[in-house]
Amino acid sequence: MAVNVVVLADTHINGSGRGRLPERAWKSLRTADVILHAGDIVSAEFLDELRALAPVDAVLGNNDRTLVGLLPEHVELDLDGVRVAMLHDSGSRRGREQRMLARFPNADLVVFGHSHIPWNAPGVGGQRLLNPGSATQRRSQPARTFGVVRIAKGVARTRIVALP
């Protein structure tokens, strides 16, 4: 049986996510077995809305002032045999692959946010690196985005979903 993971980051939702998060993202969230949020959630209210849909693992982002002490700076977890590490800011693009392997040597998948730039690419040492971008603030990107990970038999398949 596969595990369906929806990955968010940089939503910057102060209060309820209703009306701020696009319906396409809500539709995916309602099918999630697990939700990962790589920081800049901003409000406990939105975090609670996500937790009402599925178990949530989330990390503290640089804009999560009200969530200090409630969220860790990074997490490492096992999702159906896939070792996942998550933090908000992976640092600059230059050297990211080597930095993530050094910081999380046992991770198969490293999830991060902060830049609002979707990234779904191999790292080094067999790692996969995933930044879902932002489902609410596209900034200089062509679209707002989020990530989906499907895990089956210890293998993670990652993709970025562009929102209209």
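Worth pointing out:
- Remark: the Cα gyration tensor places the stretch 3-163 in the rounded category, a/c being less than 1.5.
- When the charge dipole of the chain is built from unit charges on Cβ atoms (+1 for Lys and Arg, -1 for Asp and Glu) and taken about the Cα centre, the candidate among 31, 17, 136 whose Cα reaches farthest toward its positive end is 136.
- The mean sequence separation of alpha-carbon pairs under 8 Å and at least six residues apart, normalised by the residue count of the chain, gives a relative contact order of 25 percent.
- Across the options 125, 59, 69, the greatest Cα extent toward the positive end of the charge dipole of the chain (unit charges at beta carbon of Lys, Arg, Asp, Glu) belongs to 125.
- Length added when fully stretched, residue 4-residue 153, from 0.36 nm per residue minus Cα-Cα: 52.4 nm
- Remark: the stretch 3-163 carries a charge dipole of roughly 660 debye about the Cα centre, counting +1 on each Lys and Arg Cβ and -1 on each Asp and Glu Cβ.
- When only Cα pairs below 8 angstrom with a gap of at least 6 residues are kept, the stretch 22-78 shows a relative contact order of 34 percent.
- Length gained on full extension, residue 45 to residue 18, computed as 0.36 nm times the residue gap minus the Cα-Cα distance: 8.7 nm.
- Per-residue ellipticity at 222 nm computed for the chain from its helices equals -4000 deg cm²/dmol, with DSSP H segments shorter than 4 residues left out and the rest contributing -39,500 (n - 2.57).
Since every read-out is calculated from the coordinates, none of them should be taken as a lab result. Because the structure is predicted, anything quoted here is derived from the model rather than measured. Positions of Cβ are generated from backbone atoms using ideal geometry, with glycine treated the same way; all protein chains shown enter the neighbour counts.
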